[in-house]
1. Give me the helices (runs of 4 or more DSSP H) completely within the range A:73-163, filtered to those with at least 1 residues that are within 30 Å of A:Thr244 (Cβ to Cβ) and among the β-branched types (Val, Ile, Thr), ordered by residue number.
2. B:Ser438 fails exactly one of the following numbered conditions: (1) of a type in the set (Gly, Ala, Ser); (2) at the interface with another protein chain (Cβ under 7 Å from one of its Cβ atoms); (3) assigned to a helix (DSSP H, G or I); (4) more than 30 Å from A:Lys169 (Cβ to Cβ). What is the number of that condition?
3. Only residues that are more than 11 Å from chain B (Cβ to nearest Cβ) and not in a strand (DSSP E or B): list them for the range A:264-303, please.
4. Is the range B:76-88 home to any residue that is charged (D, E, K, R) and touching a residue at least 60 places away in the same chain (Cβ under 8 Å)?
5. For the range A:172-182, check the following and say yes or no: at least one residue is surrounded by 21 or more Cβ atoms within 10 Å (Cβ to Cβ), touching an Asp or Glu at 6+ places or on another chain (Cβ under 9 Å), assigned to a loop (DSSP other than H, G, I, E, B) and among the basic types (Lys, Arg).
6. Do you know which of the residues in the range A:304-329 that are more than 10 Å from chain B (Cβ to nearest Cβ) and in contact with a Ser or Thr (Cβ under 7 Å, 6 or more places away or on another chain) is surrounded by the most Cβ atoms within 10 Å (Cβ to Cβ)?
7. Within the bounds of the range A:172-191, is there any residue that is farther than 17 Å from A:Phe269 by Cα and hydrophobic (A, V, I, L, M, F, W, C)?
8. Looking at B:Ile21, B:Ile36, which is the one that is at negative phi, crowded, with 20+ Cβ neighbours inside 10 Å and hydrophobic (A, V, I, L, M, F, W, C)?
Amino acid sequence: MTDLTQLQADLTGQIAAAADAAALEAIRVAALGKAGSVSALLKTLGAMSPEERKDKGPKINALRDAVAAAIADRKAALDAAELDARLARETLDLTLPPPPRRKGSVHPTMQTMDEMVAIFAEMGFAVAEGPDIEDDFHNFTALNFPPKHPAREMHDTFFFNEGPDGERKLLRTHTSPVQVRAMRVGNTTPPAPWIAAGQEPPIRIVVPGRTYRMDSDATHTPMFHQIEGLVIDKGIHMGHLKWTLETFIARFFETDAVTTRFRPHHFPFTEPSAEMDVGCDRSGGEVRIGTGSDWLEILGCGMVHPNVLRHCGIDPDVYQGFAFGMGVDRLGTLKYGMPDLRDMFASDTRWLAHYGFSAFQAPNPVSGLS
Amino acid sequence: MKFTLSWLKDHLETDASVQQIVDAMTMAGLEVEHVIDPAVKLAPFTVVRIVSAARHPDADRLQVCQVETVDGIKEIVCGAPNARAGLTTIYAPIGAYVPGLDVTLVEKPVRGVISNGMLCSASELEAAEESDGIMELPDDLAVGTPAVKALGLEAVIDFEVTPNRPDWLGVAGIARDLAAAGVGTLKDQSVTPVPGKFPCPIRIEVDGEACPVFAGRLIRGVKNGPSPQWLQDRLRAIGLRPINTLVDITNLISYDRCRPLHVYDAALLVGDVISARLGRGPLEHSEGDQPSPAPHRDEQLIALDGKTYDLGPEMSVIADAGGERPIGLGGVMGGESTGCSETTTDVFVESAWFDPIRTAQTGRSTGITSDAQYRFARGVDPQSVVPGLELATALILDLCGGEPSEVAVAGQAPAPPAAFTFDPAYVKALAGLDIPTSRSVAILEALGFTVTGAEPALTVTPPSWRRDVEGKADLVEEVARIAGYDALPSTPLPETPRAVGGVLTARQSRARTGRRYLAANGYAEAVTWSFTSRDTARLFGGGAEALVLANPIAAELDCMRPSILPNLIEAAARNARRGFPDAALFEIGPVFAGDAPQDQKLVIAALLAPHAPRDWGKHGEDDLYSLKGDLLGLLEELGAPVASLQTAQGTASPWYHPGRSARLQLGPKAVLAEFGELHPAVLKALDASGPMLAFEVFVEAIPEPKKKAVKTRGALALSPLMPLSRDFAFLIAADRPAGDLVKAVAGADKALIAGARVFDVYQGAGVPEGRKSLAVEVTVQPRDKTLADAEIEALSGRIVAAAEKVGAKLRT
């Protein structure tokens, strides 16, 4: 009979000395395999008398369990060591740069437009659109610009050549023609599905879009963006106009400190008409909104002229309302501090990266505008 | 419109300061643009007296003057020939900013002699447009008197006159609004008629179309010459050049009452009839036009500006010699032949009324924008014809002497504005302004309106100079602007039912999604002009006559763009020339296929100028496939049915590389996008270095998302069975698109095959010439039971057979 204690000591010694998984496996086979030394001992149990088995059985089983446990422990230790070694080999130099990745951005005019639409949407305004190439009727006549009136000349209109039908199309000088499309009761099937159809009052829309005037300097570009607002209902008066724009301006500039004032002005399509100024500080060569004692004109507005309502088939003795229009690019430059409007359209990648916005800064009422 | 405080005070009794007046004007709708205060500009300039003047030792044309100044005797070098001992003039010390020269004086030697300041001319002080030598001032001025005081300069207020208010083009009209706004008391503006001493020897004839009403009178025995200092100062202060007394008087009244006049030297008139009629030349003279045939004959006038103008039938012409000789463009400019000069002794004064539209048209045809033209085009008070003539007569008699004839009038002034009914409650209804009726009435009366009757039906008659007022909304504006817009309430908008599904249309949402998607994927959004050059437009399938601007801002921006790409290409090329060749740009905006509203389409365009920065990890540069990935990702975000899209290789527009471009379409008539490398010839034409990659998404072509009553999605059916994948390598003709093979393979068993994807493309050793090897991974999703080996074998057989139908052979 082999000395079990000696055998256990021998095997434990071998197990502890096993340098790798293969050596350990060889020990396991030699001890616990079919022909292994421990297995051989277990096989002797069958031939033993019950008394002998009762004495030897537990000892041999204990030997087997101890060897198996020692092998498992050793295996775990070897695995851990091997993993450590592998991880050490796998070390990467993380000071190296990642693959180049382009950084995209949203144009500040479009960001500003999205901000404005978000504010007005919360106030119950829908979004309407119209074509950039307009006719004289929608851009002028229906908006109460008398034919050949000097007010038309003030618009510095881009014209197309006269067509075969004698009609001279133009590039809209403001987004106001969409007012006409949205208010014209008879305009039930617009020329394209995206173009505003006529609707019965109540009407509450904003109209963002491209507009064009023959002008180019630091504060004027031949193409620019406007957003127009129109509210038509019973009992809408100038007080509502004032509240709407005051509320808008505070939300847009994201400060309650912004001051505003309304001044009388003249537009053919509104009566009474007004311009709105915001309080600002011009010292130091830049304009800061919400502080200072200067005023800066930012938009035109007024009560929709009875003639415009009549042109559209709306009875001015029943419905009335207000309209306003403002320059999106210009308000964007005021809020975000671009010095020259022309840079907005120059597509200099450095400028776009500096003044652009992250894709994930989509203005929304939960996380704020900017 | 410019005016001075002293001029305003001729019409307004007030103690208000310039600032108070400016504020009141702005809040009444007279938007002040600038206040030019010479006291600020000319603060350092003072009166000096030259003690002695000697020739500069080293320069013939210079003198070295000893000058008595407020700071003691100074040595000053002067180049003006009129610098002489005893002269009283104006001096600028070292450090002063000289506005007319736009320089700040520094101490530096002039030909070796230090000049301790500068003696100034009128133009250097911006007190005159041009001047000859340094100022010569009266000797009784004390040395040290501020220049502003010595020159009688005062603050000039410049404001914007809105086109509805021509009456603000006269100082008297400004005073009326300021008085209504409570800034002062309006002085009596009535004019005392001057009785004639003899019948007017000149007969006036008008053609009512050319000139509705024309009044005139002859004044004999006047003495014309330079006008008195007060008159010259008054005109100069607002930037007008004094000419002679008679002309200066007409300019004064034009600016004082918005009443343009004209004076003729009666000795130079031919015949004893002055007539106003339409021009006899052909309509519209433009370059290249054939002269129009009779009955029109050419007619011309040499106007007071010395230029010759063609007189068309749209113009009012003043003529003498029995109506044959043009001597003026009515309401616009007089003729050179009969202008008044210092030798004029008999003057014929014209006070007429010309139609605004006709005058505006004449201004456009001739390019003349005179003070008279500006006023008549906006609308002069027709009732001012005779009073204006009387006012001029009184001033001429006062300043030039002479003997006036009786007033001759021909024609009829247009009817004054009609009275209408006004309910003062409308002020509250339209403006939201709570104001007593008595206050509304007082405001209207202060502005010259006549108000009669009782509430709620007042009868209001606008004054003759307020032809802009047509209805009750206009009256609300008058009341509100004088009461002050500060008094308007701020009233929250009534709540309205909101659209439960948000306010944006699918098209608007897609533009927003596209913007955020592309920005998140490394493209910078650009906004470029809607126009391009016609030549460029032609390269991109545009350039139709209907889309060419008649008056472009620049020749290279003369045509509406048919595509966004040329603008992005040019932008990328500009960036490359600045040293930034790696542009990745996009724009979402309109393109124009025609001039009808429905011809305007919304396009999302992106452009990539691939530029591989050297990278240690050898990560590849952007290529057409990464662009395609961006495009497909975008289309998926926009809700396009990406799985159904066909990639139609080689069918994209000709501005793409023919072998490296494709359309993404649902069918040949439903093209959702085009993408590819841009054609090298197109890039060359736009002066851009390639390669550049681009895509265009035609937003309106993407099917509208289906409107569903509920937002629930179909149940998720998850198979409990593991998918398995099998790889196949096929040999196929090298020019055969891989898409054909993938489509065939995927279609071999639609029930079992969940996907097929090319994972390797190989040409070279081991692959016959003219063929390529495509390795395809096929994903198989068992449906109801695990597949047996035999079933998998059978499926493989079907896949190989399907591939063979498109000319692919399993590689063995």
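1. On the way: elements: A:108-122, A:136-139, A:150-153.
Those helices (runs of 4 or more DSSP H) span A:108-122.
2. Among (1) of a type in the set (Gly, Ala, Ser); (2) at the interface with another protein chain (Cβ under 7 Å from one of its Cβ atoms); (3) assigned to a helix (DSSP H, G or I); (4) more than 30 Å from A:Lys169 (Cβ to Cβ), B:Ser438 violates only (2).
3. A:Phe269, A:Arg282, A:Ser283, A:Gly284, A:Gly285, A:Glu286, A:Val287, A:Gly290, A:Thr291, A:Gly292, A:Ser293
4. The first filter runs over the range B:76-88 and keeps only residues charged (D, E, K, R), leaving B:84.
From what is left, the residues that are touching a residue at least 60 places away in the same chain (Cβ under 8 Å) are none.
No, the range B:76-88 contains no residue that is charged (D, E, K, R) and touching a residue at least 60 places away in the same chain (Cβ under 8 Å).
5. Yes, the range A:172-182 contains at least one residue that is surrounded by 21 or more Cβ atoms within 10 Å (Cβ to Cβ), touching an Asp or Glu at 6+ places or on another chain (Cβ under 9 Å), assigned to a loop (DSSP other than H, G, I, E, B) and among the basic types (Lys, Arg).
6. Result: A:Ala323.
7. Narrowing the range A:172-191 to residues farther than 17 Å from A:Phe269 by Cα: A:185-191.
Filter again for hydrophobic (A, V, I, L, M, F, W, C), leaving A:185.
Within the range A:172-191 (the criterion being farther than 17 Å from A:Phe269 by Cα and hydrophobic (A, V, I, L, M, F, W, C)), the answer is yes, since at least one residue qualifies.
8. Working: B:Ile36 fails: crowded, with 20+ Cβ neighbours inside 10 Å.
So the residue among B:Ile21, B:Ile36 that is at negative phi, crowded, with 20+ Cβ neighbours inside 10 Å and hydrophobic (A, V, I, L, M, F, W, C) is B:Ile21.
The values are calculated or read from the model by the stated rules, or taken from the named source; none is laboratory data. All values reported here derive from a predicted model rather than from experimental measurement. Reconstructed Cβ throughout: ideal geometry from the backbone, glycine too, with neighbour counts over all protein chains shown.
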